[in-house]
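The values are calculated or read from the model by the stated rules, or taken from the named source; none is laboratory data. Treat the numbers as computed from the prediction; the structure is a model and nothing was measured. No Cβ is skipped: glycine too gets one built from the backbone with ideal geometry, and neighbour counts run over all protein chains shown. These accessible areas exclude ligands, DNA and RNA; they are computed on the full protein's heavy atoms, side chains included. Shrake-Rupley method; radii C 1.70, N 1.55, O 1.52, S 1.80 Å.
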Amino acid sequence: MIDVIAFLLENFRDFDACPPNEDLCGLLEQEGFHNDDINDMLLFLDILQERSRMEQKHFSHAHAIRVYLPEERDAVPCEALGLLHFLEQNGALLPEQREFVLMALLHLSHEHELTLQHAKVLALLVLWADKSELPILIGDDLMAAVLQDKVLIN
């Protein structure tokens, strides 16, 4: 599914530029992506759209500490959890965005062995969908994960 995300990020300037799910599904099938990956991606896009419609004031931005459950620590590599912490501490990722990335990583962990690259690409997906501004160095590092993933796939 990471390759599908990379395709979307490279081909659509922003989240609103994506075609409706039916058209997007056809486009992704034409590009040769697997149905399971397409379905996962469409599920994530639906969740992101629903999340953006809801009021996002569920999390306090005060000095809260996120404690990961043993299941989360077992499924998600330490480097990926460290990345989420780094992005949040540096103002690139809001707590609700972190939680979406974590939920997506846990979903993917059932089918793939997760890597730091997975976390970077999923963080970039959330930031892209939310039209978030990123510090240039952080944005460059996350985008490099997409480009590296594309090289590994092709």
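Mind counting the residues in segment 114-129 that are crowded, with 24+ Cβ neighbours inside 10 Å and outside any helix (DSSP H, G or I)?
0
I'd like the full set of residues that are among the acidic types (Asp, Glu), modelled with pLDDT under 85 and in a helix (DSSP H, G or I), limited to segment 4-39. Steps first, please.
Step one: filter segment 4-39 for residues among the acidic types (Asp, Glu), giving 10, 14, 16, 22-23, 29, 31, 36-37.
With modelled with pLDDT under 85 added as a condition, the list becomes 10, 14, 16.
The answer is 10, 16.
So residue 95 fits all but one of (1) modelled with pLDDT of 90 or more; (2) open to solvent by 20 Å² or more (accessible area, probe 1.4 Å); what number is the exception?
Unmet for residue 95, out of (1) modelled with pLDDT of 90 or more; (2) open to solvent by 20 Å² or more (accessible area, probe 1.4 Å): (2).
For residue 142, which of the numbered conditions (1) part of a helix (DSSP H, G or I); (2) in contact with a helix residue (DSSP H, G or I) (Cβ under 8 Å, 6 or more places away or on another chain); (3) surrounded by fewer than 22 Cβ atoms within 10 Å (Cβ to Cβ); (4) modelled with pLDDT under 85 fails to hold?
Every listed condition holds for residue 142 apart from (3).
Among the residues of segment 1-35 satisfying the criterion of being under 26 Å from residue 109 (Cα atoms), acidic (Asp, Glu) and under 17 Å from the mean Cα position of the chain (by Cα), which is surrounded by the most Cβ atoms within 10 Å (Cβ to Cβ)?
Only one residue tops the list, namely 3.
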